[in-house]
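Notes to accompany the following structure.
The values are calculated or read from the model by the stated rules, or taken from the named source; none is laboratory data. Computed from a prediction, not measured in an experiment: that's the story for all the values here. Methodologically, a virtual Cβ is constructed for each residue, glycine included, from the backbone with ideal geometry; neighbour enumeration extends over all protein chains shown. Just so you know, the surface numbers come from the protein's heavy atoms only, side chains and all, with ligands and any DNA or RNA stripped out. Shrake-Rupley method; radii C 1.70, N 1.55, O 1.52, S 1.80 Å.
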Amino acid sequence: MNYEQAHEVFIERHLASRTGERRGRLERGHRHAEEMFLQNVWWPLRGDFNDLHPEYEVLDWRGRSYFADYAFLPGPIKLLFEIKGYAAHVRDMDRLKYCNELNRETFLYGMGYQVISFAYDDVEQRPELCITLLRLALSRYQIVSAPSGGAILTEKEIIRYIVGKAGVVRLKDIADYFALDPKTVRLMLMRLCEKGWLKAVKRENGVRNVGYELARDVLFYWD
C-alpha cells in the first residue's frame with residue numbers, strides 16, 4: 001500500500017469512529033500542513049500510521065478541549081505532535097495566547113504527555129531535518145520490548161541505559177551503574193552483540209574493546 005492509499009484508509013477509519021465536534025474537527029483541521037507532515041516526515045520514517053491519531057482531543061488545565069495535530073499512543077507512551085506555522089504561532093500571538101500555550105504544554109506534561117513541535121517551514125523545506133529529529137525523539141521510547149531471543153530484564157535495562165547515553169559506553173560504566181560483577185556484564189554484552197543489538201567498539205589497532213554502542217538501525221525495530 002502506497003502513501004496515498006494508506007492515508008485515505010487512515011483518515012476514513014478515524015472519521016468513521018468519531019461523531020459530533022470530534023468528527024468535525026478532523027474534517028476541518030486535517031489540512032495542508034498536517035498532511036504534509038505525514039507525507040514528508042512521518043511516512044518516510046515509519047511507513048505506517050499505527051497508533052497515530054489525527055486531531056486528538058485532550059483537555060487543558062481549564063477543562064477546555066484542545067486538539068493536537070497528532071497523538072502517538074503506543075501503549076503507555078503519550079506523545080503529541082504539533083506543526084506550527086510562523087504566522088499563527090509567532091507573528092499573530094499576543095501575550096495572553098503565549099501564556100496559555102506555555103501553561104497548556106506544562107499541564108499536558110504533568111498529565112503524562114510530551115509535546116513535540118515542528119515548524120511548518122522545516123516540514124515543507126527541510127523534511128530530512130525533521131525526520132532526524134523525530135527519529136531521535138522516538139528513540140527514547142522505542143526499546144519497549146525484549147530484544148529478539150527473549151532477553152532477561154537486566155539486558156533490556158542495559159539497552160535503555162546505552163540509549164540514554166547516546167554514545168559509546170564502557171563495560172565498567174555499566175557494571176558500576178547496575179552494581180553487577182564485570183564478568184557477568186561482559187557475558188551479557190557479548191550475548192547482546194550476538195543478537196545484533198549492540199556492537200563492540202575497538203581501539204584503533206582492533207585488538208581490544210573500549211566500549212559498546214547500539215548496533216545500526218536497532219532503534220527502528222518494533223514488535
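Note on Lys202: lysines with a C-alpha under 16 Å away, same-chain residues under 8 apart excluded, are Lys172.
Peptides 115-128, 71-84, 5-18 ordered by packing proxy, namely the average of other Cβ atoms within 10 Å per residue, highest first: 71-84, 115-128, 5-18. Projecting the Cα atoms of Leu79, Tyr66, Ala175 onto the charge dipole of the chain (Cβ charges, centred on the Cα centre) puts Ala175 farthest toward the positive pole.
A prolate overall shape is assigned to the range 1-100, the ratio a/c of its alpha-carbon gyration tensor axes (a ≥ b ≥ c) being 1.5 or greater and a/b exceeding b/c. Taking every DSSP helix (H) stretch of at least 4 residues in the chain, weighting each as -39,500 (n - 2.57) and dividing the sum by the residue count yields a mean residue ellipticity at 222 nm of -13500 deg cm²/dmol. Which angle from 0 to 90°, rounded to the nearest 10, does the C-alpha axis of helix 20-29 make with the longest principal axis of the chain? The angle comes out at about 80 degrees. When the alpha carbon gyration tensor of the chain is reduced to an equivalent ellipsoid, its three semi-axes come out at 39, 19, 17 angstrom, largest first.
For Tyr70, the amide hydrogen comes within under 5 Å of the amide hydrogens of Glu55, Tyr56, Phe81, counting only partners 5 or more places away or on other chains and with H modelled in the peptide plane.
From the Cα gyration tensor of the range 42-106, with a ≥ b ≥ c the square roots of its eigenvalues, which class applies: rounded if a/c is under 1.5, or else prolate if a/b is larger than b/c, or else oblate? Note, shape of the range 42-106 comes out oblate. Close amide H pairs (under 5 Å, H built 1.01 Å from N) link Gln114 with Lys78, Leu79, Leu80, residues at least 5 positions away or on another chain. Simple spin-label estimate for Glu27 and Ile131 gives 3.5 nm between the two label positions (7 Å along the Cα-to-Cβ direction from each Cα). Straight Cα distances below 17 angstrom link Lys156 to the lysines Lys165, Lys195, Lys199, with same-chain residues fewer than 8 positions distant left out.
Near Ala119, the amide H atoms lying under 5 Å from its own belong to Lys84; only residues 5 or more places off or on other chains count, and H is placed 1.01 Å from N. Using only Cα atoms, tell me the angle between helix 153-165 and the longest principal axis of the chain; keep it within 0 to 90° and round to the nearest 10. Tilt of helix 153-165: around 70 degrees. Phi-derived couplings, Karplus 6.51 cos²θ - 1.76 cosθ + 1.60 at θ = phi - 60°, listed residue by residue for the range 99-109: 4, 4, 5, 5, 4, 5, 5, 5, 4, 4, 4 Hz, with x used for Gly and Pro.
Note on Ala215 and Arg18: the extension gain reaches 66.8 nm, defined as 0.36 nm multiplied by sequence separation minus the Cα-Cα distance.
Each Lys and Arg adds +1 at its Cβ and each Asp and Glu adds -1 at its Cβ; summed about the Cα centre, the chain shows a dipole of about 920 debye.
Write down the accessible area per residue of the range 50-129 in Å², having rolled a 1.4 Å probe over the full set of protein chains.
Heavy-atom accessible area per residue stands at 57 Å².
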